[in-house]
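The values are calculated or read from the model by the stated rules, or taken from the named source; none is laboratory data. Since the structure is predicted, the reported quantities are computational estimates derived from the model, not experimental observations. Every residue, glycine among them, receives a Cβ derived from its backbone with ideal geometry; neighbour counts consider all protein chains shown.
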Amino acid sequence: MKTVAQRPQSLTTAKFHYCPGCTHGIIHRLVAECLDELKMRENAIGICPVGCSVLAYDYFNCDMLEAAHGRAPAIATGIKRLLPDRCVFTYQGDGDLASIGMGEIVHASARGENISVIFVNNTIYGMTGGQMAPTTLLGQVTTTSPYGRKKEEAGYPVRMAELLAQNEGSAYICRTAVNDPVNVTKTKKAIKKALTTQMNGLGFSMVEVLSTCPTNWGLSPLEALNWMDENMIPYYPLGEFKVREVE
Amino acid sequence: MKKILMKGNEALAEGALIAGCAAFFGYPITPSSEIAEYMARKMPPKGLTFVQAESELAAINMVYGGAATGKRVMTASSGPGLSLKQEGISFIAEAELPCLIVNISRGGPGLGGIQPAQSDYFQATRGGGHGDYYTIVLAPSSVQEMMDFTIQGFELADTYRTPVLVMAEGTLGQMMEPVEIRPEVVPAFEKPWAITGCKGRKPNIVNTLHLSPDYLEERNRHLYCKYQEIKNKEKRAETFMVEDADIVLVAFGLLSRIARKAAMEARRQGIKVGLIRPVTLWPFPAEHIKKAAEQARVFLSLEISMGQMIEDIKLAVNGKAPVELYGRIGIIPSPEEITRQIMLLAEREGLK
């Protein structure tokens, strides 16, 4: 009998704790499939954030470290500098990476730190119960922007991929989404490209993945996917923002 | 053995290299910056890692990552920088990762000044950050000890899988003394917990999140037991003429050398004065104090702060004798100044 699909080696058998319809599970699987296909599982060291994916160390079947809020890129720097031939990746949400960890991510990129960042942007703080993030869209209702995010009070949502693409140290910066099968496939390609960029020693790589949070958005899983398509993708355009090729 | 003239900060940095430190992660701050500068010169040519971090927070988290690989790593800073590092130190303590942290301390609170101080004593000896933890704290009193305690600090860190803090007044970092260069140490600790990639074994996880209350308590009990073991085995102090002393001075770091001079001068003037110099600030050498309290009339805590170590002395004395304070900030008192304080106390106690 021919096996057409199976659990990636790079995922453990633990059941995800994520809410129904949350797209973290898809993104975890994509990262794991990429590690498998690049034969990197035994060479990989992952760093999880604080946020919904704080427990990712239970799911990725490789060496893992759990970071303080926002500090994953600094921790990854410490690991990668001492073990330069390992495949070091961080998995971070938008509160973690774009708010409290803004300093660490910008400087890891500026230094051209040879690490890969999987940045899951769902425009909200999920684990703490749906507060406003730096990525929350204008008008979006959250528990700390109950009348909708107003630019006069909270400014504008941050576009991290565009921002980090400005840094010379960034070698591969891409934004994808997981709202439909085509985009899921593209996301996997981008993650693989980021990891390959690292293993070729080209510099900092990040894939920003637009993700859903049905629970805190107050939508059904299907409505959430549509909301992403209609509201997030117009503000956060998909595509590659920086690509450095092997010379 | 040949001695060479070295600045305290440079002797400390050289000590780290002797101990096999593989990476330094730091951020510039007076009066500790020479440590980073020395490492920036010496480490890259040896194939070792030097990174100037974008912040103290990033520096301590680079230490967190570096220590998790099992290699010897360190950072160095001063007061305000140590405040910023506390988040990371709390994580490193709970993750039980060995590393060396240096505080070449200056006066606070706030930006304070760049003059010498010991006013980070509470921060250093009470863990410093959130949660129930301690770090071993070594307080050198000479440039030679800046080197030696750094080497010992790395050994202690690996022995107990804990962050170790070396804390010295800014003056000690800046001044020069002859130093005997120690032989190189080859670190000999197995680190099966290190995250290095899981080839040939099950994945290792470095983690400080414990959502189950039972397990959280178990972790805290585990740390508690480790700290008890450190308290039992690692308390260190030097005593000087304490056996018959009526007045017992307690001073650490560079100040302890001045206190020693003052004690000798007071003895010359007929007052029985002794000195206890805590070498480990945590664990605090309470037994040395307790033993001295059997015969001492009064204790005098000498500090470059408004009185922090005095609380530990009082706990150890446990009401058996009065404990007085002489504290300065940003200024290291002269031996004459301390002698005057001793003579005033002697007069009050009817010892003159």
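Assorted remarks:
- Within segment B:248-264, tally of residues that are touching a helix residue (DSSP H, G or I) at 6+ places or on another chain (Cβ under 6 Å), more than 15 Å from B:Met309 (Cβ to Cβ) and either buried (at least 17 other Cβ atoms within 10 Å of the Cβ) or free of Cβ contacts under 8 Å to residues at least 12 places away in the same chain (or both): 2
- Only one entry in A:Lys192, A:Lys188 is in contact (Cβ under 8 Å) with a residue 40 or more places away in the chain, in contact with a Leu (Cβ under 6 Å, 6 or more places away or on another chain) and assigned to a helix (DSSP H, G or I), namely A:Lys188.
- Those residues of segment B:187-225 which are crowded, with 17+ Cβ neighbours inside 10 Å and more than 14 Å from chain A (Cβ to nearest Cβ), in sequence order: B:Leu223
- Residue selected from segment B:316-340 under the condition modelled with pLDDT of 95 or more and of a type in the set (A, V, I, L, M, F, W, C), by the criterion surrounded by the fewest Cβ atoms within 10 Å (Cβ to Cβ): B:Leu325
- Qualifying positions in segment B:36-74 - within 9 Å of chain A (Cβ to nearest Cβ) and in contact with a Cys (Cβ under 7 Å, 6 or more places away or on another chain): B:Val63, B:Ala67, B:Val73
- Tally, over segment A:57-109, of residues that are within 7 Å of another protein chain (Cβ to nearest Cβ), closer than 22 Å to B:Pro44 by Cβ and of a type outside the set (Ser, Thr, Tyr): 10
- Candidate set: segment A:27-55, residues that are within 11 Å of another protein chain (Cβ to nearest Cβ), part of a helix (DSSP H, G or I) and touching a residue at least 40 places away in the same chain (Cβ under 8 Å); chosen: the one farthest from the chain's Cα centre (by Cα): A:Asn43
- Residue match in segment B:288-305 (condition: in a helix (DSSP H, G or I) and of a type in the set (D, E, K, R)): yes
- Annotation note: of A:Tyr147, A:Tyr236, the sole residue that is surrounded by fewer than 18 Cβ atoms within 10 Å (Cβ to Cβ) and among the aromatic types (Phe, Trp, Tyr) is A:Tyr147.
- On the stretch given as segment A:95-110, residues that are polar (S, T, N, Q) and surrounded by fewer than 24 Cβ atoms within 10 Å (Cβ to Cβ) total 1.
- Residues of segment B:21-35 that turn out to be of a type in the set (A, V, I, L, M, F, W, C) and either in contact (Cβ under 8 Å) with a residue 60 or more places away in the chain or more than 14 Å from every other protein chain (Cβ to nearest Cβ) (or both), as a count: 3
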